[in-house]
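What follows is calculated from the coordinates using simple rules that are stated; it is not laboratory data. This structure is a prediction, so every number in the text was calculated from the model and none was measured. Ideal geometry is used to build each Cβ from the backbone, glycine not excepted, and the neighbour counts take in all protein chains shown.
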Amino acid sequence: MPDRGGGTGPSGPRIRVGRPSRRARTLLMTLGVLAVLGMAFVMFAGFWTDWLWFRSVQYSSVFTTTLWTKIGLFLVFGLLMGLAVGLNIWLAYRLRPPLSAMSLEQQSLDRYRMGLAPFKKWVLLAITALIGLIAGASASGQWRTWLMWVNGVQFGEKDPQFQLDVAFYAFDLPWYRFLLAFGFAAAVLSLIAAALTHYLYGGLRITSPGARATAAATGHLSVLLGVFVSLKAVAYWLDRYGLAVKSSDFKATGNWTGLRYVDANAYLPAKTILFCIAVICAVLFFATLWRRTWQLPVIGFGLMVLSAILIGGLYPAIVQKFQVQPNEQAKEAPYIQKNIDATRKAYAIDAAKAEDYSGKSTVKAKDQLRADADTAASYRLIDPNVVSPTFQQLEQKRKYYQFPLTLDVDRYSGKDTVVGLRELNIKGIPKRNWINDHFTYTHGYGAIMATGTQTDANGSPVFTEQGLPTTGMLPKYEQRVYYGEKTDQYSIVGGPQKELDYEDNGEKTTSYQGDSGVSLSSAFNRAAYAVAFSEPQILYSGAIGEGSRILYNRTPKERVEAVAPWLTIDGDAYPAVVDGRIQWIVDAYTTTNGYPYASRTTLGESTADALTVGNQQRAVVAQQNQVNYIRNSVKATVDAYDGTVHLYQWDTQDPVLKTWMKAFPGTVKERSAIKPELLAHLRYPQDMFKVQRELLTRYHVQDPAQFYSGSDAWQVPDDPTNKDGNAVPPYYLSIKLPGDPAQKFSLTTTFTPNGRPNLGAFMAVDADANSKDYGRIRLLSVTEDVPGPEQVQNKLNSLPQVATFVRDMKGADSDIIYGNLLTVPLDGGFLYVEPVYAQGRNAQYPLLKKVAVSYVDADQPKGDTTKDTTVFEDNLTASLNAVFGVRGAEPPAPQPPGTKPPTQPTTNDAALKQAIADAQKAFDDGEAALQKQDWAAYGKAQQDLQEALQRAADAGAKLQAPAAGTGGAKPTPQASASPPSAPGASASPSPSATPSPSAGQGSG
């Protein structure tokens, strides 16, 4: 026998084998406990740092409400699932037959039963606990569904099929479907667990002769099958309502939501019949408790499956094939109308009515067109999508500062202004190390602004706020930018380590004085953040001490998303200086995909354009969210210095927002809390506008037959200034639309007919939050053939002077950059304005060199150079003069010494000329209105004509000269003719002598 002790053997010394010493066991136990504690602390660190962050931003109620909701759902549904499965396993064990009655097949399982016998309680607990944990974790993810169901607010709108409030589909139905899915899972798992237990303990036999199941097993499993079939009956009943929000493919709309003819006339009655069959089948299963046979339940279940195939599948297919397809347009018309109405209401485009706009100029005088062009819009020559490199080169000041790729447009002193924040560029730090990255270089500095409508002599922006620190039109404000779109890493501030403030003739340092961030004064907090950020230096660095605070989650979108996880965030936060602070303004949306009959859209696809592709900071957050209801319900602000987040209720009627305000009370402030200084900078959001314009490509049509044919569908054109083939972005622009007395800050876009390049429509929304018409959408549907943006761009590129300019710039080693192609309705036609930049290889930033202008008119006589003209000049004034054939003001020629100045016309002479010009204009306006049978405009023109003629007569009498009474002082027969009689004709003055598009498109 081998030697068990020490000593030596034939092959050498032997190692003593024995149990580890007490010291070793203690050491192992200590290490094990420390490992467990370490793992627990790692798991706890994430929870603790989240709690500290929410407390620091004063939104701890969001954290606690979300946490307790998740815990509650986890415990309730985990416990229910565990109890359901565990109870059925226990019941199957209790109903086992005696060992003497077991077959040879079952006796072969004795070793498994004997192996489980000592541990059956622990096995039962382990199985139920594992299933409960999985079910609880799944249920906790439904916290939004639970909160919306328990706090749901009525919409006050009913669906057209079942006459139920929309809240049922948006808030109730999703929760009922979750409960149903949970019930199915519990029934199936319980059935499987019970069947396995019955088989293991002899209640079920597979290969043995005789009865396959004991009476007890038969009754038990039949009840579980009856529960399953009962749940299927409930599913059939809920499926009836689910048809109102069901998505399907329909050629008229593409992504269709709601009932169609086959749904209302085949699927709906089929679901009702299947519900009744399922109820009967469930009763048959429950009846086996007394009959002890599966014959009738199995027959009933087979009939239910056959009915589902025939009634639920074959019958609707027959209806679609033989009733719908032969006359689909007529059959689907009522349901298309329901879809149109619901979609327009769900996306807040129900008030958008297409106005006919002929594209024909209503003004013939060149000078009048030129004068109207000056007031039609504030033409933004500084393209915020192009001039970021210019801001970077002229106002960066230091390499560790940067501007966003796309700047923002705001209003200051009533003027369109291009704004960019000088944010921190961590990659530009001269020497990269942990201290510099997180302690020394912590913030950007200043808001740089330039007027949007002009440049200096070199083509550079005219800055209204510039320098380091910035100076200009703004009063004194806090210029440090600790929170911004580029600040995506943490900083530690306020402690013994000083921060670099800025360098201007010497280095200035600062120490953060704000209340933002989480204190690192305690060792426990430092340890937690060291674990959470995987940075051990946070725990022991001497740069952290009393007063140190850690700033993180620093982008505006991150902060708003965190404090309001139930909101969808717009892709473009923009800065504004309000009350001496830089505030990031963030638009946020409430959405649902449960609005009956409203077609769904994918936010990421609807909001993609030439600016968002490749620019993740401007892309909408919920890229793949499918929704069929959206509201810009919340305006949020994030302070650029201390990160304070405020949420303001914007849409006071939105039931989805009201629901979330009930779930998270006190997190959203009333709309009345918005200060006037902030209100002046709020604007209509781009992502909302892009979703609406995408829907309006089809849903501007409200006639079902026309909608079905798709003959008047539009499309968003590709950006003609960008070769990537992406959609043209919308542009903020102060513009005066037909019928408006003055310019309004608006968000604009164009449409082209589907498959054609000409202009199909122009869309603008009042984007000024101070305006009483804020959010009003104007759709000008072009009824004549007018060149679209791509055609205008192609014509511009074909101009000889453009080719010469491009050749000269290329010869000077410069690149050509086309700015935003702005479209402006003008006197019945359209004016296109496009700034053109040149960027030299050495300059590395673009400068405005040319301005292209094109005036297009559907009614262009041959040889008339004032219409459909494209020009390419050095500046906007020269381009507008050239496009309308009007000479600009020239300085007077120098006179020889001693020459007397020319005699100036007398006051009466000037008054006479002005009166004659006014009379001619009134006559022309009357003729134009007469052709269009616009009697209101005709009456106004006649009144203006009479008044001008009277002034001319008075001026002529005062001059008492022969020439004074000649040359058109008397009205021509056409001018003095009364308007033809027409129903509704009126001579009362209208707001404008030029008829509005709607008035100008009469029946004739």
message = So if I take the centroid of the Cα atoms in region 295-339 and the same for region 506-577, what is the distance between those two points in Å?
response = 59
key: For region 740-751, Karplus couplings with θ = phi - 60° (6.51, -1.76, 1.60), whole Hz, Gly/Pro x   = 7, x, 8, 5, 10, 5, 9, 10, 10, 7, 10, 10
query = Dipole size in debye (nearest 20) for region 214-346 around its Cα centre, Lys and Arg Cβ +1, Asp and Glu Cβ -1?
reply = 120
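As a footprinting exposure proxy, order 318, 544, 550 by other Cβ within 10 Å, with the fewest listed first.
Ranking 318, 544, 550 by Cβ neighbours within 10 Å, fewest first, gives 318, 544, 550.
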ask   = Got a sec to turn the phi values of region 171-186 into Karplus ³J(HN,Hα) couplings, 6.51 cos²θ - 1.76 cosθ + 1.60 with θ = phi - 60°, whole Hz, x for Gly and Pro?
value = 10, 7, 4, x, 5, 4, 5, 5, 4, 5, 4, 5, x, 4, 4, 5
key: Where only C-alpha atoms are counted, convex hull volume of region 214-346 per residue in Å³   = 100
request  = For region 652-780, just the Cα atoms, rotate onto the principal axes and tell me the three extents in Å, largest first.
outcome  = 51, 34, 34
remark   = Here Rg/Rh (Cα, Kirkwood) for region 555-699 equals 0.96
query = What ranking, highest mean first, results for peptides 557-568, 73-84 when packing means the other Cβ atoms within 10 Å averaged over each residue?
reply = 557-568, 73-84
note = Summed over the other residues with a beta carbon less than 11 angstrom from that of residue 378, with K and R at +1 and D and E at -1, the charge totals +3
query = For the peptides 222-233, 142-153, what is the packing order when you average, over each peptide's residues, the other Cβ atoms within 10 Å and list the highest mean first?
reply = 222-233, 142-153
message = Just to confirm the filter: which GluC sites (Glu not before Pro) across region 640-705 are DSSP coil and have at most 11 other Cβ within 10 angstrom of their Cβ?
response = 670
